[in-house]
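Just so it is clear, none of the values below were taken in a lab; they were calculated from the coordinates. In this text the structure is predicted, and so the values were computed from the model without any measurement. Counting neighbours? That spans all protein chains shown, and the Cβs are built from the backbone with ideal geometry, glycine included.
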Amino acid sequence: MAAKAAAEKQIPAPKKDTPTFSPSKVTVLFVLGGPGAGKGTQCANLVRDYNFTHLSAGDLLRAEQDRPDSEFGNLIKEYIKDGKIVPMEVTVQLLENAMMDAVKKDKDGKGKFLIDGFPRKMDQALKFEESVCPSKFVLFFDCPEEVMQKRLLERGKTSGRADDNEESIKKRFKVFEETSMPVVDYFDKQGRVVKIVATKSPAEVYKETRGKLEERLGKNF
Ligand code: C5P
Ligand code: MG
């Protein structure tokens with residue numbers, strides 16, 4: 001808890017009336033699903049075929065953790081190993097910075113983002129939509145724990161991730177159920193969730209993903 005308080009003190013949430021990016025120029029799709037549901041795999045397919053910018057909150061946190069000058073390195077390491085949600089100030093700022101880099105590079109100042117593994121907690125959802133950019137909807141990969149666990153243990157053989165082990169996986173599942181599913185439910189109540197069955201092979205899951213996205217966004221999204 002001390003680490004969380006320190007993070008909140010060091011990055012005071014800036015007060016803003018309007019989000020940094022307008023949804024008329026910047027498209028945001030949140031990509032959610034339990035650990036091992038296949039979010040990263042499917043995002044890579046969508047980047048290849050539809051030219052999205054893929055931002056994984058977990059990848060950004062791991063990169064920040066490894067950045068030699070980061071004041072949050074140790075804090076992030078601790079949270080990730082325990083599968084806990086890093087204080088949102090850190091994650092929201094990393095996402096906003098990465099989005100800004102991409103939008104600045106676009107000649108029309110536009111952007112099309114898959115924000116993967118975020119928002120994992122209600123405060124992140126509210127904060128991001130209020131201060132960074134309202135999202136179009138959530139792409140939710142629905143997968144039973146047994147399947148996800150098998151995939152994560154397999155990935156753990158080569159991923160080098162400190163949290164792809166049985167003990168961390170158990171904690172991550174619990175946090176997903178208790179903290180992240182309420183976020184999916186919140187958006188679902190607003191009719192803003194596109195749900196994909198994520199149990200099958202990557203190719204089959206991708207077929208459903210494309211179909212449902214085209215239904216929602218038209219052929220040329
Ligand atoms: O999405 P991924 O499995 O890469 O996330 C790894 C870890 O990063 C999570 O278990 C959590 O500790 C942290 N994380 C977070 N907030 C997010 C996304 C990831 O704290 N929005
Ligand atoms: Mg991932």
Filter result for Pro144 (more than 13 Å from ligand 1 (Cβ to nearest atom) and either surrounded by fewer than 21 Cβ atoms within 10 Å (Cβ to Cβ) or at negative phi (or both)): yes
Kindly provide the set of residues from segment 51-98 that are touching a Gly at 6+ places or on another chain (Cβ under 8 Å), over 21 Å from Val31 (Cβ atoms) and outside any helix (DSSP H, G or I), ordered by number. Arg67
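Is it the case that some residue within segment 184-193 is part of a helix (DSSP H, G or I) and surrounded by 18 or more Cβ atoms within 10 Å (Cβ to Cβ)?
Yes.
Regarding Lys170, is this residue basic (Lys, Arg) and assigned to a helix (DSSP H, G or I)? Can you show your working first?
Working: basic (Lys, Arg): yes; assigned to a helix (DSSP H, G or I): yes.
Yes: the conditions hold for Lys170.
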In segment 52-99, the residues that are among the hydroxyl-bearing types (Ser, Thr, Tyr) and under 14 Å from the mean Cα position of the chain (by Cα): Thr53, Ser56, Thr91
Failed item in (1) closer than 26 Å to Ala125 by Cβ; (2) charged (D, E, K, R); (3) out of contact with any Asp or Glu (no Cβ under 8 Å at 6 or more places or on another chain); (4) assigned to a helix (DSSP H, G or I), with Arg161 passing the rest: (4)
Among the residues of segment 194-220 satisfying the criterion of being outside any helix (DSSP H, G or I) and either touching a helix residue (DSSP H, G or I) at 6+ places or on another chain (Cβ under 6 Å) or of a type in the set (D, E, K, R) (or both), which is surrounded by the fewest Cβ atoms within 10 Å (Cβ to Cβ)? Lys219
Is there any pair with a first residue in segment 38-58 that is under 19 Å from Asp101 (Cα atoms) and touching a residue at least 12 places away in the same chain (Cβ under 8 Å) and a second that is in a helix (DSSP H, G or I) and polar (S, T, N, Q) whose Cβ atoms are under 6 Å apart and which are 6 or more apart or on different chains, and what are they? Ala57/Thr91
